[in-house]
1. Amide H to amide H, which residues 5 or more places from B:VAL308 or on other chains are under 5 Å from it, using H placed in the peptide plane?
2. Can you pull the Rg over Rh of the protein assembly as shown, Cα-only, Kirkwood?
3. As a test of the definition: which semi-axes, in Å, follow for region B:293-382 when you take the square root of five times each eigenvalue of its alpha carbon gyration tensor? Largest first, please.
4. DSSP loop (so not H, G, I, E, B), at most 12 other Cβ within 10 Å: list which trypsin sites (Lys or Arg not before Pro) in region B:155-199 pass both filters.
5. Which value, in debye to the nearest 20, describes the size of the charge dipole of region B:215-290 about its Cα centre when Lys and Arg Cβ atoms bear +1, Asp and Glu Cβ atoms bear -1, and nothing else is charged?
6. Please give me the summed charge of the neighbours of B:ALA441: other residues whose Cβ is under 11 Å from its Cβ, Lys and Arg +1, Asp and Glu -1.
7. For region A:223-378, what is Rg from Cα atoms divided by 2.2 N^0.38 Å, rounded to two decimals?
8. Partner chain Cβ atoms within 10 Å, averaged over the residues of B:268-276 - can you pull that number for me?
Amino acid sequence: MSGSEVVIVGGGVTGLSAGWWLARSGVKVTVLDKFIVGWEASGRNGGGASHYSSPLFDEEQRLWPQMDELLGYPTEHQKGRILIAMTERQWEQYRFIAERHTRLNHPVELLDVKQVQDAVPLAGDNCFGGVHYKFGGHANPQRTVQAYAWALQDLGGKIVQHSPVTGFETAGGKVTAVKTANATYGCDAVVVAAGPQIPQLMAQLGVDVPLAAARAEMIITEPAPMMPLGGVDGHKIYGRQTLRGNLAYGGGPHEWLDVDATGPKARPSTPLARNLAKRLAELLPKAAHLNVIRSWAGVIENSPDGRPILDRLSSPDNVTVASMSSVGFGLSPASGHAIRDLVIDGTCSFTNLDLLKLSRFDGLEKDWREKRGWMPIS
Amino acid sequence: MELNFTGTDICAVNGTRSAPETRYDVVVVGAGPSGIAAAIDAATAGKSVLLVDENPVSGALMGNDTPLYFGGRMTAATQNADRMLEAIFMSMPDLEKAMEAGAELLLGTTAWGVYRNGPGVASLPEQVVGLADAERSWMVGFGKIVLATGARDLALAFPGWNQPGVMGAAALQMLLTRYDAFAGRRMLVLGSHDLALETALLAHGRGVEVLGLIETRDAPQGGDDLVAAVKAAGIPITCGQTIASAKGGIDGVEAATLTNGETIACDTICVAIGLVPSIELVDAMHGPRSLNPARGGYVPAGEPSVDVVGDCAGLPDTGFDHVAYRMDWMRALTAVSANDTIICQCEEVTRADLIGVQPPNYLPRPAAMCARSLETLLKDGPANQDQIKRLTRAGMGVCQGRRCRDQVAMLLALESGTPFGTIPLASHRAPVRPLPLKILAEWDEPAEMEAAWDVWFGIPTQWVPVEDVGTPYEDDHREMLYTGMYK
Ligand SMILES: Cc1cc2nc3c(=O)[nH]c(=O)nc-3n(C[C@H](O)[C@H](O)[C@H](O)COP(=O)(O)OP(=O)(O)OC[C@H]3O[C@@H](n4cnc5c(N)ncnc54)[C@H](O)[C@@H]3O)c2cc1C
């Protein structure tokens, strides 16, 4: 495929990482985004990178520690996570998860209250204990997005911003070009990594991709003293201490939305910031005096089983669909690699992607969203 | 795994939020003259009215230049909340009139966010404003909200501006007239338009030694009467000059040096170049705004249920082009500033790093990173201040851009060769004032919220380790980790 043209629809982490991997293989890539790279979920997430539930997990873990070097730009990646239990029930749940990790040979260690406080000085003695994941980690989403984009450009790839894709040209069972309002981009293969807009785009090719969009929120505080380990979760919230010291946290109820082909109209945060603040003040009581300085929201899509759809279609057979189903930041180094493999070789070289095939939803009920209660509030 | 759907997603936000604690027909934010007038009007018309003002703000917040650019020049009296409350009442007799008219008044109370259903959100029980005092935060429902939040100082960087003693005109007026708590004695004023002239006269009248006004343009910019009054007070106006640097010691500013080499001993440099309407609340609700150079910059441009009055709606239009004037100052100060002049004080972002689109110092700068700059970024499309903020952190600190949002926008316009206003301003988001976690927290949240709370979407199949899919463990996992969802 070297020398051929691949057009990628969507400049989030998934599309950009795929573009970077393809460019590394000598493919000519153009990434089209409706606005600015990483403007949607990819620049608004928690930065977590510890996805043991995914077939891409091993590759995620292998790649992150090398990403700064491979990309040539800082991502702020930090290794390890600690899960702190704030109730007896949580402690039971987290030990259950720890036991599972042990059996899967993922290195974890149970921490008592004192050990939690040593590793996480902002924690209090009000916790029940913790689980130290000696794998996984977190990175800065906004820096990572830009790092992919720049690295891709450094390899000769093109990024065209402010260019919503409006449709495709097809011939002989293949997509031959991707259209925007102002230009048509001829291609040998297409990757559709447009997040919540994937269904609308794929519908134009006669392919039904079941995804529902929702909004999720986060808050961030002013800088706290640096802790030995910044990836601290628990108490049903997730987050990280940035390398500047800020505590960025999310979690809690989401709101299902309808998103049309032009994408989210707005990404409002809500008074949920107060419920996040409550849990963060409980999780890290020694940070309770810190000022919250911002809240924000992002829109992500979910598939009916919450797992990604990562698949090269049989018709049109040069189209690869990539939705990470609301958990795609951390996996992006690996999802890009997988997409590269699918585009160039038709199959993934490092893991089995059967679980992520679109065809698992063949025969899905028409009212799958209603059944799950995944409907926007009318 | 067999999932048994019920038609309800118990982890969705639907129906889980608390109702507002109280409700008023009209909530007025800001108890300056226009806010008080709006409160009196509404109360007289028989409406239930709540009038809130964040003043007196705590000494700690003032130290963070919140809400105004105080530059550390408030006296120790500002640490005494009761005394400040009294000072405010004494200085604003109309507050009593608003209360007599039936408005409820809450001082020391910040409005930190306004929320309503609209694009991207339909889950709010009703439109609400978030309030907070020194003890707690709470939500208040409203029929109409009146924003009378005034205007704040435009800060502009020059070498040495990042030290105590460099402050804004609105902050100075607040300290002199409402708090009676200004700590400076000898002051130099930057600017010569009405704001600078009025500030100089006010300070002079209150016994501050005003050493002079510095104007970058060739002649004084304000009204003839004001210019005459300033001259009559013996205050010199030096034109065709800017400040080249401020020098100081542990207490901050000690002297200012002008571009002509003249050095003036002073303890305060009052930046009186312009005021910017305080539209953070409108920005944070993603309300429309428009650029109006005759009215001080960006002004709210129409949001249902929101009225804007006073300076928040725009400065009085006198035909003066504030934006052109500011850009002249920006050009002059940029010419004297150095690569290492700090632009964003909270995050210590220098001008060179801002224009170079470089990350903060705690991150490595490999060769590829160093090769990037605003110039290379502009090849990808028009500049966007939020994108540059994400990369450089300029405007990402605890003051949330109050000191640098506008000047960064001006600098980007200058450096990218585009008119001010073509680059979208960086966003504000709630809370528009820094609020401690323990204050912002909803401690008495509804049981429905707790019941819906999951760390992510609560989809049991989402987090089953791939090795366990299709094994009995899948069900154990769901039993243990999911609160009955889809059973
Ligand atoms: C609050 C929050 C917290 C999260 N926390 C985490 C976490 O801790 N860890 C984790 O791994 N994941 C997390 N996620 C999920 C993660 O952010 C997303 O799964 C991931 O960013 C998806 O990346 P993407 O590139 O697939 O999609 P997106 O980021 O949605 O990118 C899609 C891109 O496509 C573009 N686009 C859409 N339509 C068109 C069109 N017609 N033409 C051109 N371009 C188009 C969009 O502009 C957008 O840039 C979180 C998400 C949110 C919202």
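The values are calculated or read from the model by the stated rules, or taken from the named source; none is laboratory data. Please read these numbers as outputs of a predicted model, since none were measured by experiment. Note that we place each Cβ from the backbone using ideal geometry, even for glycine, and neighbour counts take in every protein chain shown. Please note that ligands, DNA and RNA were not included when accessible areas were found on the heavy atoms of the full protein model with its side chains. Shrake-Rupley method; radii C 1.70, N 1.55, O 1.52, S 1.80 Å.
1. Distant-sequence amide H within range of B:VAL308: B:LEU147.
2. 0.99
3. Each semi-axis is the square root of five times an eigenvalue, giving 35, 18, 14 Å.
4. Sites meeting the loop and neighbour criteria: B:ARG185.
5. Roughly 120 debye, rounded to the nearest 20.
6. Spelling it out: positives minus negatives among the neighbours equals +1.
7. Cα-based Rg divided by the globular estimate yields 1.29.
8. Counting other chains' Cβ atoms within 10 Å and averaging over B:268-276 gives 0.
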